[in-house]
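Laboratory data are not the source of any read-out in this text; all were calculated from the coordinates shown. Since the structure is predicted, the reported quantities are computational estimates derived from the model, not experimental observations. Here the Cβ is made from the backbone with ideal geometry for all residues, glycine too, and neighbour counts use every protein chain on show.
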Amino acid sequence: MSCVLVSGSTGFIGSHLVPALARRGAVRAAARDRSRTRVPADAEIAIIPDLAGTVDWRPLLSGADAVVHLAGIAHVGPEISDAAYDRVNAVATAQLAAAARQAGVRRLIYVSSIRAQSGPVAGHTLTEADDARPTDAYGRSKLAAEAAIRASGVRFTILRPVLVYGAGVKGNLARLLRIAALPVPLPFASFDNRRSLLGVDNLADAIDFVLETPATEGQTYIVADPQPITFRNMIAALRRGFGRRPGMYTVPPGILGLALRCLGKSDAWVRFGGELVADPSKLMHAGWSPATETAVALEAMARDLASRSTGETDHPVSIGTVKSFAHSPIDPS
C-alpha cells in the first residue's frame, strides 16, 4: 500500500482508521485542526480547509496513491440547512473526485451512509439491489456525492455503513450508553426489533480490504456486522459491560411509542422501536471477513469505558462518567 490520504482523520472513524492503515504503509492524515490531530508518529499531517468553502485538493493529493474520504457533516439535525449538507457532503466530494481523477489517484474510497439508501427504518432487509430512497437532506447529500463520484471518471469504491459503534462514539449510541448505564430497571424486555450495527474496527478493516482488493473497484457495498441484534439484547450487552445485570421489565412497545410521540419524541421512538436490517453479503462474498461480533463488541465497549473511568474492571459505571464520555469533543468530520 502506497500513501493514502485520509480526510476527516480526527473524527470518530478516522481516529480508528489512521492507526490501522499506518501499520501497513504511509498515511497522510488530513484534518482542519492540527492541535486535535492524534496520529502515529510516522503518519504525515495535512491541514484541510473547511469544506463549506473552496478547497484546493491538489496539494493534499500530491503523491497520494489512494484517498479515503470521511470528511463531511456526519449527523442529522434540524439545525443544519439543506444547503449546508449539499455544499459540504455533495459539492466538496464532487470537487475531490474531479481533482483525484486529474491527479491519477489509483482509488477513491468514499464512506457514504446507509442513509443514502434508506430512512432510519426499513420494512425489509436492505441490499445493494434496492432503489436508493433517502428520506432526509443528509441522506440525499450522501447519495448526490455518490453520483458525483461515479460521474467523475475516478476509480472508486463506495461504502454504505450502518450505524457505527466503538470507543469515542457520539450521537444515538452515546445516548444509548447513558440509558444503559442507569442504575434502574429499564422497560425494554419486549423490544425485539432488530438493528444492524457496525463495529468501527470492522469498518476500518473493510476500508483496508477494499483498498487492497482491485475487484472491488467500481462497486457499492453495504457494510454491517454480519448479524443484526435486537434492541433488547443491545441494552443487555451494554449493561453487562457496565457490570450490571440486564435488569429489564416489559412495557408493550406500542404504549411506550405512543407516550414518546405524545411528548414530541418521535425521533427517540424511531431509535428505540424501529427496525433496520442491512445485508453485508456482497462485501463478504468479495472476501471481507469481519472479526468482531456485535453483542461481544458492545459489551467490551461498555466495559472499556467503565474500566477507564474507575481504573478497575467489572465495576458499575456512573451515569456521570457516561455523560462525560458521550459529550467528549470528537469532530464528526
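Using a 10 angstrom cutoff on alpha carbons, build the Gaussian network for the chain and name the most mobile of HIS16, HIS69, HIS285. Most flexible of the set in this elastic network: HIS285. Across bins of 10 angstrom width beginning at 0, how are the C-alpha pair distances of the stretch 223-291 distributed, in whole percent? Per 10 Å bin, starting at 0, the Cα pair percentages come out as 17, 33, 32, 15, 3. The trypsin sites (Lys or Arg not before Pro) of the stretch 91-130 include none that DSSP puts in a loop with a beta carbon having at most 10 other beta carbons within 10 Å. Around the Cα centre of the stretch 54-129, unit charges on the Cβ atoms of Lys, Arg, Asp and Glu (plus for the first two, minus for the last two) sum to a dipole of about 260 debye. Between amide H atoms placed 1.01 Å from N, distances below 5 Å from VAL27 occur with VAL4, GLU44, all of them 5 or more places distant or on a separate chain.
Using R0 = 35 Å, the C-beta based FRET efficiency linking GLU217 and ILE47 works out to 0.75. Using alpha carbons only, how many degrees (0 to 90, rounded to 10) separate the axis of helix 92-103 from the longest principal axis of the chain? The angle comes out at about 40 degrees.
Using the Cα centre as the reference, give the magnitude of the dipole from point charges on the C-beta atoms of the chain (Lys, Arg: +1; Asp, Glu: -1; all else neutral), rounded to the nearest 20 debye. The partial results should precede the final answer.
On the way: 36 positive and 30 negative charges, 111 e Å.
About 540 debye.
Mean-square fluctuations from a GNM of the chain, with a 10 angstrom spring cutoff on Cα atoms, peak among GLU212, GLU275, GLU79 at GLU79.
Summarising the label geometry, the points placed 7 Å from Cα in the beta-carbon direction at ARG58 and ARG150 lie 3.0 nm from one another.
Relative contact order of the stretch 96-252: 27 percent, from C-alpha pairs under 8 Å at least 6 residues apart in sequence. For the chain, the 222 nm mean residue ellipticity estimated from helices alone, with every DSSP H stretch of n ≥ 4 adding -39500 (n - 2.57) and the total spread over all residues, rounds to -11500 deg cm²/dmol. Once the chain from ASP304 to ALA286 is taken as fully extended at 0.36 nm per residue, the excess over their C-alpha distance is 3.3 nm.
Taking the C-alpha atoms only, the angle from helix 253-262 to the longest principal axis of the chain is near 70 degrees.
Of all aspartates and glutamates in the structure, those lying under 14 Å Cα to Cα from LYS142, and not within fewer than 8 positions of it along the same chain, are ASP82, ASP86. Just checking my list (1) 18.4; (2) 16.4; (3) 32.9 against mean projected area of the Cα convex hull in nm² computed from this structure; which label fits? Computing mean projected area of the Cα convex hull in nm² and matching it to (1) 18.4; (2) 16.4; (3) 32.9 gives (2). Magnitude of the charge dipole for the stretch 136-187, about its Cα centre and with charges confined to Cβ atoms of Lys, Arg (+1) and Asp, Glu (-1), is about 80 debye. Our coupling estimate for the stretch 204-215, obtained by passing each phi through the Karplus curve with A = 6.51, B = -1.76, C = 1.60 and θ = phi - 60°, is 4, 5, 5, 4, 4, 4, 5, 4, 9, 10, x, 5 Hz, Gly and Pro reported as x. Classify the stretch 1-150 as rounded, prolate or oblate, taking a ≥ b ≥ c as the square roots of the eigenvalues of its Cα gyration tensor: rounded when a/c is under 1.5, otherwise prolate if a/b is larger than b/c and oblate if not. It comes out prolate by the Cα gyration axes.
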